[in-house]
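A.B. asks: Mind looking over this structure? Questions follow.
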Amino acid sequence: MWGGRFAEGPAAVMREINASIPFDKRLWRQDIAGSQAHVAMLAKQGIVSAPDAQAIADGLAQVGAEYAADGVPEDLALEDIHMATESRLATLIGPAAGRLHTARSRNDQVATDFRLWVRDAIDSVDAGLAALQVALVKRAGEHAASVMPGFTHLQVAQPVTLGHHLMAYYEMIARDRSRFVDARARGNRSPLGSAALAGTGFPIDRFATAEALGFDGPTANSLDSVSDRDFALDYLMAATQCSLHLSRLAEEFIIWASQPFGFVSLPDAYSTGSSIMPQKRNPDAAELVRGHSGRIAGCMVSLTMTMKGLPLAYSKDMQDDKPPVFEAHDLLALSIAAMTGMVETVTFRKDRLRAAAEMGFATATDLADWLVRVADIPFREAHHITGMAVRLAERLGVALDALPLDKLREIDERIDQRVFAALGVDASVASRNSHGGTAPDQVRARVAEAKAALGIEP
């Protein structure tokens, strides 16, 4: 490939450290597609003869069929997927294969292949996230009125509905999808034709190859084209944020499945047992999703540090750009599939959720709001009165709605019988009817909007 300049071959360790074929063979579909677009353009521009171009196109199709059937052979001497494909092409069609690399470098070739791969990865992730949203929305609709405790600091705060809680994750995933969409749009420019770093003197048509590969157009600067990996970093940043959201949901399932909480029962399909303790039912799938988020964030940091301080244009450091992206994508895809399966099949124990919502004086804020709304007491004073009521209920060992009216009136004589209508958990959630609130009607409205956005039946 580059032996004309060198009198001796590489050392064994150089051959091993220099080769990327063990991991970049995953780009073979994109490499074949990019080469097909390139040779078609070369023929159209009269740079390569029609017979040679046809032979190359047919040969590339055969190479692709072989890869699909048998996988990509790993030959460290050929370094990467690009040279592996060109070498096999030469075996199939002879010297005409050498014309394929006219007006292109491996620098713009790999940048193009990698952009195509990341674009495909984003499309795959988006489909998975859409399926997760569908699962969340369906379960939220089932539980629009199911009462559960809302937490702050992992302490019972106010009653909410389970549907409202699940729809919070729908919103997180919606933002994740928007980040991937943005990343795809920014990265959807073709570097092909930038050559090594300076462009080429051949009369190529970069717009034609960009269109053939589904890009929005060619990149505008050849130096930037071959040295840019922002599209990969954008993917990893979006993947990291997404994995954090998946990890938060996984953590809640882990906590909720524990015996002290008992809010959910995870199905056998997403649980494991213990080799020594027969009674154990471990939420291992959720724990692995939680763990994967750390690895995905590590992949993001890895590529960030690789790109830090690299001078223009291409440097061999950038060969290490693909492993973290491939690893993060595999982990993210697994995490999305696992969380989707858990959301679809988890059993929510409404009795335990409701009982927990009735603990911890969760309707204290409702008492304060009632004092403001009905007794016309300033909120800060109402807050103080409510705190005294909570202290009394705690001393007597009863819930707020079980306090005798005479005891409440000893705290403040402006409290009357009407207050008890506001102190139950159902009344509490029903009263939170502001836009985006936890009231069942609000949850059902958000579920209907989400179903329309996802294109599923109301």
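A.B. asks: Using amide H atoms built 1.01 Å from N in the peptide plane, name the residues 5+ places from Gly150, or on other chains, whose amide H lies under 5 Å from its own.
C.D. replies: Counting only residues 5 or more places away or on other chains, the set is Ala157, Gln158, Val160.
A.B. asks: Using the Cα centre as the reference, give the magnitude of the dipole from point charges on the C-beta atoms of the chain (Lys, Arg: +1; Asp, Glu: -1; all else neutral), rounded to the nearest 20 debye.
C.D. replies: Here the size comes out at about 460 debye.
A.B. asks: Taking the 0 to 90 degree range and rounding to the nearest ten, how far is the long axis of helix 284-307 tilted relative to the main principal axis of the chain, both from C-alpha atoms?
C.D. replies: For 284-307 against the chain, the angle is about 50 degrees.
A.B. asks: With an 8 Å Cα cut-off and a minimum separation of 6 or more residues, compute the relative contact order for the chain in percent.
C.D. replies: 17 percent
A.B. asks: Along region 238-245, what does the Karplus equation 6.51 cos²θ - 1.76 cosθ + 1.60 (θ = phi - 60°) give for ³J(HN,Hα), rounded to whole Hz, x for Gly and Pro?
C.D. replies: Values, residue by residue: 5, 5, 5, 4, 4, 5, 5, 5 Hz.
A.B. asks: Under the rule a/c < 1.5 gives rounded, and otherwise a/b versus b/c splits prolate from oblate, where does region 12-102 land using the Cα gyration tensor?
C.D. replies: Note, shape of region 12-102 comes out prolate.
A.B. asks: Please report the spacing between the Cα centers of region 269-304 and region 342-371 in Å, no decimals.
C.D. replies: 28 Å
A.B. asks: Further question: Can you compute 3J(HN,Hα) from phi for each residue in region 76-93, using the Karplus curve 6.51 cos²θ - 1.76 cosθ + 1.60 with θ = phi - 60°, rounded to whole Hz and x for Gly and Pro?
C.D. replies: 4, 5, 8, 6, 9, 4, 5, 6, 4, 5, 5, 5, 5, 4, 5, 5, 7, 10
A.B. asks: Read phi for every residue in region 13-19 and hand back ³J(HN,Hα) as whole Hz from Karplus 6.51 cos²θ - 1.76 cosθ + 1.60, θ = phi - 60°, with x for Gly and Pro.
C.D. replies: Along region 13-19, the couplings run 5, 5, 4, 6, 6, 7, 7 Hz.
A.B. asks: In what order, largest first, do Asp182, Asp108 sit by accessible area if the probe radius is 1.4 Å?
C.D. replies: These residues rank, largest area first, as Asp182, Asp108.
A.B. asks: In addition: Leaving out same-chain residues fewer than 8 places away, which lysines sit with a Cα under 19 Å from that of Lys308?
C.D. replies: Within reach: Lys316, Lys322.
A.B. asks: Can you find, among Leu312, His143, Trp117, the residue sitting farthest towards the positive end of the charge dipole of the chain, where Lys and Arg contribute +1 and Asp and Glu -1 at Cβ?
C.D. replies: Final value for the positive-end residue is His143.
A.B. asks: Same structure again: Out of residues 5 or more away from Ala195 or on other chains, whose amide H comes under 5 Å of its own, with H placed 1.01 Å from N in the peptide plane?
C.D. replies: Ser105, Asp108
A.B. asks: Can you give the accessible area of His165, probe radius 1.4 Å, in Å² rounded to 10?
C.D. replies: Only protein atoms counted, so the area is about 40 Å².
A.B. asks: Quick check: the distance between the Cα centres of region 208-227 and region 150-173, to the nearest angstrom?
C.D. replies: Cα centroid to Cα centroid, the span is 44 Å.
A.B. asks: Quick check: Cα centre of region 9-67 to Cα centre of region 89-107, how many Å?
C.D. replies: 7 Å
A.B. asks: Right, here's the next one. Once the dipole of region 12-102 is set up with Lys and Arg at +1 and Asp and Glu at -1 on Cβ about the Cα centre, which of Gly94, Ala33, Ala12 lies farthest towards its positive end?
C.D. replies: Positive-end residue among those listed: Ala33.
A.B. asks: Continuing with the same structure: Under 26 Å Cα-Cα from Lys280, which lysines qualify once same-chain neighbours fewer than 8 residues away are excluded?
C.D. replies: Partners found: Lys350.
A.B. asks: Please list, ordered by chain and number, the residues whose modelled amide H lies under 5 Å from the amide H of Leu310; skip anything fewer than 5 residues away on the same chain.
C.D. replies: none
A.B. asks: What FRET efficiency would be calculated for the residue pair Ile255, Ala50, taking the C-beta separation as r and a Förster radius of 51 Å, to the nearest 0.05?
C.D. replies: Using R0 = 51 Å, I get an efficiency of 0.15.
A.B. asks: Answer rounded, prolate or oblate for region 358-454, using the Cα gyration tensor with square roots of eigenvalues a ≥ b ≥ c: rounded when a/c is under 1.5, else prolate when a/b is larger than b/c, else oblate.
C.D. replies: Prolate shape, in that a/c is at least 1.5 and a/b is the bigger ratio.
A.B. asks: Give me the percent of accessible area attributable to carbon and sulfur for region 129-182, probe 1.4 angstrom.
C.D. replies: Carbon-and-sulfur percentage of accessible area, whole number: 55.
A.B. asks: For the chain, what is the accessible area per residue in Å², given a 1.4 Å probe and the full set of protein chains?
C.D. replies: Dividing the accessible area of the chain by its residue count gives 47 Å².
A.B. asks: Going by a ≥ b ≥ c, the root eigenvalues of the Cα gyration tensor, does the chain fall in the rounded group (a/c under 1.5), the prolate group (a/b larger than b/c) or the oblate group?
C.D. replies: The shape class here is prolate.
A.B. asks: Might you work out the accessible area of Thr304 for me, using a 1.4 Å probe with all protein chains in place, and round it to the nearest 10 Å²?
C.D. replies: Looks like 40 Å² after rounding.
The values are calculated or read from the model by the stated rules, or taken from the named source; none is laboratory data. Computed from a predicted model, the values in this text were never measured in an experiment. As a convention, Cβ positions derive from the backbone with ideal geometry for all residues, glycine included, and neighbour counts pool all protein chains shown. Ligands, DNA and RNA are excluded from the accessible area calculation, which covers all protein heavy atoms including side chains. Shrake-Rupley method; radii C 1.70, N 1.55, O 1.52, S 1.80 Å.
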